[in-house]
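K.L.:
To start, I am sharing the structure in question, which I have written as C-alpha cells.
The values are calculated or read from the model by the stated rules, or taken from the named source; none is laboratory data. This one's a predicted model, so the numbers in the text were calculated from it and none came from an experiment. Cβ sites come from the backbone with ideal geometry, for glycine too, and all protein chains shown count toward neighbours. These area figures cover heavy atoms from the full protein model, side chains too; ligands, DNA and RNA do not enter into them. Shrake-Rupley method; radii C 1.70, N 1.55, O 1.52, S 1.80 Å.
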Amino acid sequence: KSPSIEKKNNAQKAIFPHTMFLSCVVILTVLSWFNFKIAVQGFTSLSLISSQWMHRQYRTTRREHFISLFPYQNDKVRFHDIEESRSAAASGDSKSKSDPSDTITEKEVSDEKYPCHRRHLCIITESNACDTMQEVQRTFETLRSALGTHNDFGIDMISIRVNPPSNQLGQKPNSFIRQNEEFHQRLVYLASQIMNLKRKHQEHPFYNEYRVVINDINNLQAAIEANVDGVHVKEKDAVQIPYIRSVFQGMNPTRHVTIGISAHSASVALHHFEMYQPNYIFVGTCYLTQSHPEKGVEDLEGPELPGLVKQLIFQHMTSKHNDTEIDRISPPIIFAIGGIEMNNCHEPVAHGADGVAVIRSVMQSSDPARAVQEIIQCMYGIASNSKE
C-alpha cells in the first residue's frame, strides 16, 4: 500500500468509533422522548462500552509509544544467532561469502524476527522488614510509594524475603516461641497490607498486573493466611514445589499460583525447569552485594549467567518439543539478582536476562517511584534525565 492510502485507512479507522458513538448518542436522545427507561439503560451500556474501548486504546497507544522510545527491541534468547553469523563470516565460511543475505544482522533480529519483549522488574524487601512493626510500616510505605496509584511503571513482582528470629544462646524456649509467633503475625500483616493495596490498584482502569510472593517454604502458612499469589523456594527446597502447588490449588483450583526458585548455576537452573516448571528463576549472584557478604569477586556468577540460563532453557524446549507444544509451554522469567543497581541493571539484560530483582536500590531510596522508573529506563538503554 502507498503511504497516502495507508494514512487514509488509518484516519478512517480512527474516525469510525467516534462516529458510531455520536450516532448512538443521537438515537438514544431521540428515544428518551418516547421511553425514558430504555434510553437510560442504553446510555449506561454505551458508557460502559466506551470506557472499555478507551482503556484498550490507551493500552495500545501506550505500548506503541513505549516501544518507539526503546531502541533495543531484540529478543536476547536468540541473540547468539548474530554471534554465530559473525563468526561464520570472520572464518571465511563459503556460504557467508556467496550469499551475504544469509548473514543475520542486529537490525533483522530487532525489526523482523523478534518483537520487543518487556523487561521485568522484581522488588525484594530487606531481610529485616518484619523485625519490628516500625520496619513493617516503613517497608509497606516504601512499596506503596514505588507502586504508585496503579503500579504506574509496571513492576512485575513483590517478593517478601525476611529472616526469622534466631535462637540466641541461653534464650528460654518459651521466649523463642513467642518471638516466632510475633514474627509470623508481623509477616502476615505486611503481606496482607500489600495484597489489600493490590486489590485497590486493581480497581484502577489502567492497573498493571503484579504478583506478590513470600520467600521460603517455612513461611508457607503465612502465605496461605495472607492469601498471597505464591511462594519463592530456596534452591535446597526445590523438591517441595509440587507440594506447595497442591496446597494452593487445593484451596482454589482455578487460581494461578506463582512459584519461583533460586539458582546459582546453569545446570541447576535447567534441572529445576525440567523437574518443577517454576514460573520464574532468580539467577545469580551477579555482583558484590550485602545480601551475600561471604562472596568475594571470584565467587560471583556474573551478569552473563542469567542470559545463559535463558538460552539453555530455550534450547531445551526446542529440542524436546515441537512448535505446537512450545506455544503451550510458559518458560520461566529469568531475573538477574545480586548487587543490581541502576548503573548496572542493563548489563544482565544485555546478556539475555528477562529482567532484574533489586532490594536496596528501591527499598533504601528516598524516592522509590523515581528509583523504579530509572531502573526500568536503564534496562531499556535509556539514560536518566536527571542525576542525583
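K.L.:
Calculated FRET efficiency, K320 and E141, Cβ-Cβ r, R0 51 Å, to nearest 0.05?
P.N.:
Numbers: r = 46 Å, r/R0 = 0.91.
With a Förster radius of 51 Å, E is 0.65.
K.L.:
If DNA, RNA and ligands are ignored and the probe is 1.4 Å, what is the ranking of T254, T44, T318 by accessible area, most exposed first?
P.N.:
T254, T44, T318
K.L.:
Send over a whole-number figure in Å² for the accessible area per residue of segment 245-387, probe 1.4 Å.
P.N.:
Per-residue accessible area for segment 245-387 comes out at 47 Å².
K.L.:
Per residue Cα convex hull volume for segment 245-318, in cubic angstrom?
P.N.:
113 Å³
K.L.:
Stokes-Einstein D for segment 217-286 at 10 °C, 1.306 mPa s, Kirkwood Rh over Cα pairs, in µm²/s?
P.N.:
Estimated diffusion coefficient is 128 µm²/s.
K.L.:
Translational D (Stokes-Einstein, µm²/s) of segment 178-299 at 37 °C and 0.692 mPa s when Rh comes from the Kirkwood sum over C-alpha pairs?
P.N.:
Value of D from the Cα-based Kirkwood radius: 204 µm²/s.
K.L.:
If you don't mind, another one. Using a Förster radius of 41 Å, what is the FRET efficiency between S175 and A350 based on their Cβ-Cβ separation? Nearest 0.05, please.
P.N.:
In this case the efficiency is close to 0.25.
K.L.:
What is the P(r) of segment 276-367, as percent of Cα-Cα pairs per 10 Å bin from 0?
P.N.:
All Cα pairs, binned at 10 Å, distribute as 16, 42, 28, 12, 3 percent.
K.L.:
Label N218 and E294 with points 7 Å out from Cα along Cα→Cβ: what is the distance between them in nm?
P.N.:
1.4 nm
K.L.:
Now a separate question. Could you give the nm distance between label points at T149 and M133, where each point is 7 Å from its Cα heading toward the beta carbon?
P.N.:
About 3.2 nm separates the two model spin labels.
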